[in-house]
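First comes the structure, then the notes that go with it.
What follows draws every value from the coordinates through simple rules; no lab data is involved. As the structure is a computational prediction, the values presented were derived from the model and not from experiment. Backbone-built Cβ (ideal geometry, glycine too); neighbour counts: all protein chains shown.
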Amino acid sequence: MTDASKRAWAELVRPLLPHPRLLQVAALCYRKNGTNKDVLMITSRDTGRWILPKGWPIEGLDASSTAMREAWEEAGVREGTINKDAVGSFDYVKELDTGRHATCVTEVFAVEVEKLEDTFPEAHQRTRKWMTPVEAANLVDEPGLRNILDNF
C-alpha cells in the first residue's frame, strides 16, 4: 500500500466503518435520606466531569462485582449491597489511550452504600459528592446517564 492509500484508509475510509461497542460497568452508589435517596458522584481524572465510578470488565468477576470494585477504587465504597441486575445502560464516546475514540455501552448497577472510607486507591485523583439524583442528572454530559439518574 502506498503512503497515499494508507493515509486515505486511515483518515477517510476507516472512520466511516462501524466499530464494535466496548462494554464498561458502573456503580450507581446511593444512600437513603428519609424517603428520598442521595447518589454519590465522582469527578473524572482527566476532565473533572461528574460521572459514576466505572471501568472495564475484570476477568473472574461478574459485571456487578466489577462495578463494586470500581466503587471502592474510585469512590471509597468499602461495603454495600449491590443489585445483581443492571438498573439501565447508557452509551458514551471514550477517548482510548491510543488517541482513538470508541463507543462504550455502560451497564449501571445500583449499590446501597453501607460503609464509605476516606482513604481509597484514587482518593487524591477525584472529588466525590453526595447529591440528589436530579442534581446529578443536571451535571452529567451523557443523555442516557441523565435518564437513569432522573428515573432513580
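Straight-line reach only, C-alpha to C-alpha below 28 angstrom: list the lysines that Lys115 could link to, leaving out same-chain residues fewer than 8 apart.
Once the sequence-local lysines are set aside, what remains near Lys115 is Lys32, Lys37, Lys54, Lys84, Lys129.
So if I place +1 on the C-beta of Lys and Arg and -1 on the C-beta of Asp and Glu, and nothing else carries charge, what would the dipole magnitude of region 74-120 be about its Cα centre? I want it in debye, nearest 20.
160 debye
So what is the 222 nm mean residue ellipticity for the chain from helices alone, if each DSSP H run of at least 4 adds -39500 (n - 2.57) and you divide by all residues, rounding to the nearest 500 deg cm²/dmol?
-6000 deg cm²/dmol
List the residues whose amide H sits under 5 Å from the amide H of Leu28, counting only those 5 or more places along or on another chain, with H placed 1.01 Å from N in the peptide plane.
Sorted by chain and number, the residues that satisfy this are Phe109, Ala110, Val111.
Explain nothing, just the number: relative contact order of region 20-150, from Cα pairs under 8 Å at least 6 residues apart, as a whole percent.
33 percent
Could you give me the ³J(HN,Hα) list for region 131-141, computed from phi with Karplus coefficients 6.51, -1.76, 1.60 and θ = phi - 60°, whole Hz, x at Gly and Pro?
Taking θ as phi minus 60°, the curve returns 7, 6, x, 5, 4, 4, 4, 6, 9, 8, 8 Hz for region 131-141.
Please report Rg over Rh for the chain, where both radii come from the alpha carbon positions and Rh follows the Kirkwood definition.
1.06
Specify the angular offset, from 0 to 90 degrees and rounded to the nearest 10, of the alpha carbon long axis of helix 63-75 from the longest principal axis of the alpha carbons in the chain.
That helix lies at roughly 80 degrees to the long axis.
Which net charge results for the neighbourhood of Trp72, defined as the other residues with beta-carbon distances under 15 angstrom from its beta-carbon, given Lys and Arg at +1 and Asp and Glu at -1?
Around Trp72, the charge tally is -3.
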